[in-house]
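Let me begin by presenting the structure, written as structure tokens, before commenting on it.
The values are calculated or read from the model by the stated rules, or taken from the named source; none is laboratory data. Remember, it's a predicted structure, so these values are computed and weren't measured experimentally. Here the Cβ positions follow ideal geometry from the backbone for every residue, glycine too, while neighbour counts run over all protein chains shown. To get the accessible areas, we keep the full protein, side chains included, count just its heavy atoms, and leave off ligands, DNA and RNA. Shrake-Rupley method; radii C 1.70, N 1.55, O 1.52, S 1.80 Å.
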Amino acid sequence: MIQDINGHAVTAISPITAQPHPPDTQEQKLLRSILATRMTDQTPVRSLAVAITIAGATFARLGDFSVVMGQRKAGKTTTLQYVIATALMPPDTIGSVDTLQIQAHFCAGKDVVYVDTEGSQEDTKDFIEGVKRILKIDEMPPNFYAYHWRELTQKQCREGMEVLFQYHSNSHLWVIDGVSDLVSKPNDEAESNETVRWLMNNAGRLNACFVVIIHENPAKHGQESKARGHLGSELERKASGAIAIEKDKEKKCHFIKSRFLRKSSDFEPICFWWEGGQPASRTVTADEKRFLVDKDYRKEKELTILRNQCFLGLISQSEQKLKAAVELYQDPRATKEATRKARDRAIKDMLDLSLIRAITDASGKLVYETMFAPVLADETPAPF
């Protein structure tokens with residue numbers, strides 16, 4: 001019994017205890033995480049430093065990824081060798097080398113990583129030797145790492161990248177050749193979107209520059225090639241920059257073209273070729289730029305080259321022989337039906353552009369004639 005100060009009995013009152021808050025619902029947790037992403041004009045942000053420039057234009061940045069695209073034998077490997085070599089090249093030596101107007105920010109001892117998922121071991125070794133040749137050194141720099149993954153599965157490649165991201169936590173530049181081997185289906189929208197998001201997150205977490213390489217699908221005459229699958233489209237949409245490497249078989253040279261630069265104006269296309277075993281470069285001529293930019297002009301030029309190849313030394317061709325000649329210059333990987341359609345389309349386009357004409361000979365058979373003087377030699381002048 002408890003009594004008050006006057007001796008009267010009173011009922012004891014239990015002390016008040018704090019009741020635990022009910023656990024947050026999933027919706028409340030989601031709301032808090034979303035509100036935490038809000039930005040204002042006072043939010044402090046880290047500016048992404050320029051990592052690679054081409055002809056003075058910003059192509060890639062630290063903490064983000066950029067894309068190099070091109071068809072087979074276009075010159076992507078040479079371009080990538082200069083990307084890596086200039087990252088390993090002390091600033092005071094840059095002026096002594098023609099770098100194709102490519103300049104990566106000096107790595108300052110941080111790791112530079114090259115992952116080759118496509119080439120043979122010999123190809124990967126040649127890549128290393130090419131970087132050494134540009135740097136004019138005899139031994140591979142200790143902070144330059146090259147990995148050969150041609151024999152790995154897609155799953156192993158993806159898991160391997162996770163391991164390397166941990167191992168090379170103090171990295172400056174990553175070149176992944178090619179990124180398509182990190183997905184099971186380049187045309188799968190969900191997987192492609194997730195892979196691109198994964199690349200962005202890791203580039204940001206490491207504060208490193210990622211350069212990924214993807215092949216282009218063969219293009220129709222006069223049209224610009226497109227990167228392979230949904231993966232290629234998503235990479236282009238989200239990249240800090242995208243460039244394309246193209247080869248001009250007629251002029252025996254290669255072009256580096258700006259496709260998309262998020263933080264810079266496009267640079268003028270750069271032409272490079274080989275002299276004495278070493279690449280040399282220059283800015284393209286007005287005619288070459290028109291060829292690269294004007295689709296109609298490009299189409300006519302490409303069809304003119306095709307016409308010259310098919311009528312080499314001849315004024316006329318039978319229908320059968322012309323079709324056979326045109327097929328020789330179609331994509332060898334295409335199906336018979338696709339080759340037939342491409343062949344017929346090319347002949348029709350040459351007719352529409354008055355590069356050839358169709359006539360009937362004395363026996364009533366269809367014959368095609370070139371509208372200009374016959375080509376007597378292989379017209380492949382170099383642009384320099």
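Given R0 = 30 Å, the distance between the Cβ atoms of ASN217 and GLN156 translates into a calculated FRET efficiency of 0.70. Between the entries (1) 23, 50, 22, 4, 0, 0; (2) 27, 55, 17, 0; (3) 23, 44, 20, 6, 4, 2, 0, the label attached to P(r) over Cα pairs in 20 Å bins from 0, in percent calculated for this structure is (3).
Charging the Cβ of each Asp and Glu at -1 and of each Lys and Arg at +1, and nothing else, the dipole of the stretch 23-86 about its Cα centre rounds to 340 debye.
Please give the helix 229-238 orientation as an angle from the longest Cα principal axis of the chain, in degrees from 0 to 90, rounded to the nearest 10. Computed tilt is about 60 degrees. The length gained on full extension between GLN121 and ASP331, counted as 0.36 nm times the residue separation minus their Cα-Cα distance, comes to 72.9 nm.
Pairs of Cα atoms nearer than 8 Å and 6+ residues apart set the relative contact order; for the chain it is 16 percent. DSSP beta bridges fully contained in the chain are about 55 percent antiparallel.
Measuring nothing but protein heavy atoms, the accessible surface of the chain at 1.4 Å probe radius is 52 percent carbon and sulfur. Taking 0.36 nm per residue of separation and subtracting the current Cα-Cα distance, fully stretching the chain between THR37 and ARG205 would add 58.8 nm. Quote the accessible area belonging to ARG133 in square angstrom, nearest 10, computed with a 1.4 Å probe and with ligands, DNA and RNA left uncounted. ARG133 exposes around 110 Å² with every protein chain in place.
Dimensions of the stretch 55-123 along the principal axes, based on C-alpha atoms and rounded to the nearest Å, stand at 34, 26, 24, largest first. Highest-first packing order for the peptide set 78-86, 110-118, 95-103 is 78-86, 110-118, 95-103, based on the mean count of other beta carbon atoms within 10 Å. The charge dipole of the stretch 194-270, taken about its Cα centre with unit charges on the Cβ atoms of Lys, Arg (+1), Asp and Glu (-1) only, comes to about 100 debye.
The string of couplings for the stretch 258-273 from the Karplus curve (6.51, -1.76, 1.60, θ = phi - 60°) is 7, 9, 6, 10, 5, 10, 7, 6, 4, 8, 5, x, 10, 9, 9, 8 Hz, one whole number per residue in order, with x for Gly and Pro.
Loop-located trypsin sites (Lys or Arg not before Pro) in the stretch 58-92 (DSSP state not H, G, I, E or B) with no more than 11 neighbouring Cβ atoms inside 10 Å: ARG72, LYS73. Spatially close Lys pairs in the stretch 293-361, defined by Cα atoms under 15 Å apart and a spacing of eight or more places or different chains, total 4. Seen from a random direction on average, the alpha-carbon convex hull of the stretch 161-277 projects onto 9.5 square nanometres. Among the protein heavy atoms, those of GLU139 account for about 150 Å² of accessible surface (1.4 Å probe, every chain in place).
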